[in-house]
Amino acid sequence: MIEKQERLTAKKFWQELAKGIVITNPVFVLVLGLCPTLAVSNSLNNALGMSAGVIFVLLGSNIIISLLRKITPNLVRIPVFIVVIATFVTILSLVFEAYLPPLYESLGIYLPLIVVNCIILGRAEVFASKNSVTLSIADAFGVGFGFTIALIIVAFFRELLGTGGLEVFGKQLFSIPVLAESPMSIFIMPPGAFIVLGLLLAFFRMIGVLKHE
Amino acid sequence: MVSEKKTGFGTKILSNKIYPIVFLSIIVFVAVLLLMLVNSFTQTKILAEREAKVTTVLQKIYPDMNDFELKEDIYIILKDGDVIGYSIIAVGKGYGGDINTIVGLDKDYLVKEISVLSNTETPGLGTKILETFFTDQFKGLEPQDVKLSKDGGKIDAISGATISSRAVTDSVREAMEEKLEIIKSNNY
Amino acid sequence: MSEAGPSLITIFIGMVLVNNLILAKFLGLCPFFGVSKKITNALSMGAAVTLVMLIASIATTLIYRFILVPFKVEFMNIIIYILVIASLVQIVELFIKRTNITLYNSLGIYLPLITTNCAVLGVTLINAQENYTMLQSIVSALGGGIGFTLMLIIMSAIRERLEFADTPKSMRGLPIAFIIAAILSLAYMGFSGLI
């Protein structure tokens, strides 16, 4: 009996994980958390740093909110969520400033703005405040990875077209000589973010991954 | 499970009218305490990191340096007690935010080398201000020549990144003009 | 940089045109793509955001200058700012409900959304980052709000017409809205020489 229940939880764990990544991908399907997706996707480095930050905050806030779900009064639920999320964001910001100063600088105000990332507050309200800690962890990883994948795809195109090469953690992965000589800088500037995300959404609809409106 | 174990006492607390406010206050209190703790750990690290970064850059600009003094935001570079140069930090407004540049001057008050300490410019575009083809142009210049060529100076802007180039150039010139006066009048 | 910092006009033009919150800083995108299909809605939303932005900027600048900086706890700004904004939104909502019911009916539904609008928190964080004085913060909030409203109106006007255009099936809705934003953003880059 207990074994069966455990297997059931394990199955649900993987289901929640997969759901966040594919079926309800926060960026491509739900179109949430656009500010960071567009703002920090100008390089793979920034995209990876931001994703790590979002996963950390999402995990922390989902765990705490799920733990507190039975004693949190409904009336002050949203302020409690906000305080918990803001605390994790501040910890993240302090740790980045101390240990990864270049990343801290290039993320700028988008690091504290994780607080108002609709994805995180949304998960707190919709999922963590109603489900067990284990499932909330699965949900955090699922949604977090979904966000990461979306951010990496956008950043991949922007950095490749905008600089003619790809670079991760200071290491040049590869570069296209013709493009590197005269890169299409527009792609790492704000308009490029809108173009890439718009075309990606249209492409996913065309090949049938996303539904038409 | 937990709800089954809930005692009468527990329900009484949960349905109390002031409970929400007490609960929120406790959460805020714990959060503030936790942040104070984390901050006390990271703060020393942040300051040490910043100090170390400046020292490394100075060491690179002045390989002969074996000591420096900090007076009125001016780093006085010393070699065996003799002044061999001055360094100042210029702060400019770039496209993405502040750009901090260390300006290394020789003892004749000409630019020896500049090095961008921190910036939030667009990666791959504005961040070209870090590259030597841009920073090398500053070598040996007097303050009045530290201007973009389109403003009548001797620095060529990075194409596509004029705002970043101008931010560095103008902040370096302004910092030099301001601090050189202090250096000269105090005879550091 | 001089003590006084940039002039008020520079801040204002910067916030409205050059560093437009939506097009250059990507702040407040949810209402930009979500709400903006009717011009009247765009105007109401813009007005509500501008109002909250202005009050929040005044409050957070006071807190930053007189509490956070003197006690050296600037790192607390995220948690304090978001709480200030959340409570301000509640107070403004209550106040408008009591005093002007017509205004409440047109603004009311947008107000709760503003708490999680990154544009408001963004502007207060920019004010702190740039160490703006009270007057500079007010001008930056006003500029930010006006720039935001302007963008909402332009976007809603374009999308109203777009309803009748023959857009390819896959591009309908959001994708084409992103492409429009890209073109607008491209046009706005032309303002970058202004400051």
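Quick notes
- Only residues that are part of a helix (DSSP H, G or I) and touching a strand residue (DSSP E or B) at 6+ places or on another chain (Cβ under 9 Å) were counted across the stretch B:51-63, and they come to 7.
- Residue tally, condition over 17 Å from C:Tyr188 (Cβ atoms) and open to solvent by 20 Å² or more (accessible area, probe 1.4 Å), over the stretch C:122-161: 12
- Pairs linking a residue in the stretch B:135-159 that is more than 18 Å from B:Ile102 (Cα to Cα) and aliphatic (A, V, I, L, M) to a residue that is open to solvent by 30 Å² or more (accessible area, probe 1.4 Å) and part of a helix (DSSP H, G or I), with Cβ atoms under 6 Å and 6 or more positions apart or on different chains, are B:Leu148/B:Arg166; B:Ile158/B:Lys128.
- Yes/no for A:Leu173 being more than 14 Å from chain C (Cβ to nearest Cβ), open to solvent by 10 Å² or more (accessible area, probe 1.4 Å), of a type in the set (A, V, I, L, M) and not in a helix (DSSP H, G or I): yes
- Which numbered condition A:Val178 misses (of (1) farther than 21 Å from A:Thr24 by Cβ; (2) modelled with pLDDT under 90; (3) at the interface with another protein chain (Cβ under 10 Å from one of its Cβ atoms); (4) not in a strand (DSSP E or B)): (3)
- Helices (runs of 4 or more DSSP H) within the stretch C:4-122 that include 1 or more residues in contact with a helix residue (DSSP H, G or I) (Cβ under 6 Å, 6 or more places away or on another chain) and within 14 Å of chain A (Cβ to nearest Cβ): C:29-34, C:39-63, C:77-99, C:111-114
- Looking only at the stretch A:156-170, and only at residues there that are within 14 Å of chain C (Cβ to nearest Cβ) and surrounded by 22 or more Cβ atoms within 10 Å (Cβ to Cβ), the one that is farthest from B:Ile163 (Cα to Cα): A:Arg158
- Residues of the stretch A:67-78 that turn out to be over 22 Å from the mean Cα position of the chain (by Cα) and buried (at least 16 other Cβ atoms within 10 Å of the Cβ), as a count: 6
- Selection status of C:Ala119, within 30 Å of C:Ala86 (Cα to Cα), open to solvent by less than 30 Å² (accessible area, probe 1.4 Å) and within 10 Å of the chain's Cα centre (by Cα): yes
- Within the stretch A:85-108, the set of residues being farther than 18 Å from A:Asn45 by Cβ and more than 7 Å from every other protein chain (Cβ to nearest Cβ) comprises A:Ile85, A:Phe88.
- For A:Phe81, the test of being outside any loop (DSSP other than H, G, I, E, B), open to solvent by 30 Å² or more (accessible area, probe 1.4 Å), more than 8 Å from chain B (Cβ to nearest Cβ) and not small (Gly, Ala, Ser) is failed.
- Filtered by the rule that a residue be touching a residue at least 24 places away in the same chain (Cβ under 8 Å) and crowded, with 17+ Cβ neighbours inside 10 Å, the stretch B:48-74 gives B:Val54, B:Val57, B:Leu58, B:Ile61, B:Tyr62, B:Ile74.
The values are calculated or read from the model by the stated rules, or taken from the named source; none is laboratory data. For clarity, every value in this text was computed on a predicted model and none was experimentally measured. Backbone-built Cβ (ideal geometry, glycine too); neighbour counts: all protein chains shown. To get the accessible areas, we keep the full protein, side chains included, count just its heavy atoms, and leave off ligands, DNA and RNA. Shrake-Rupley method; radii C 1.70, N 1.55, O 1.52, S 1.80 Å.
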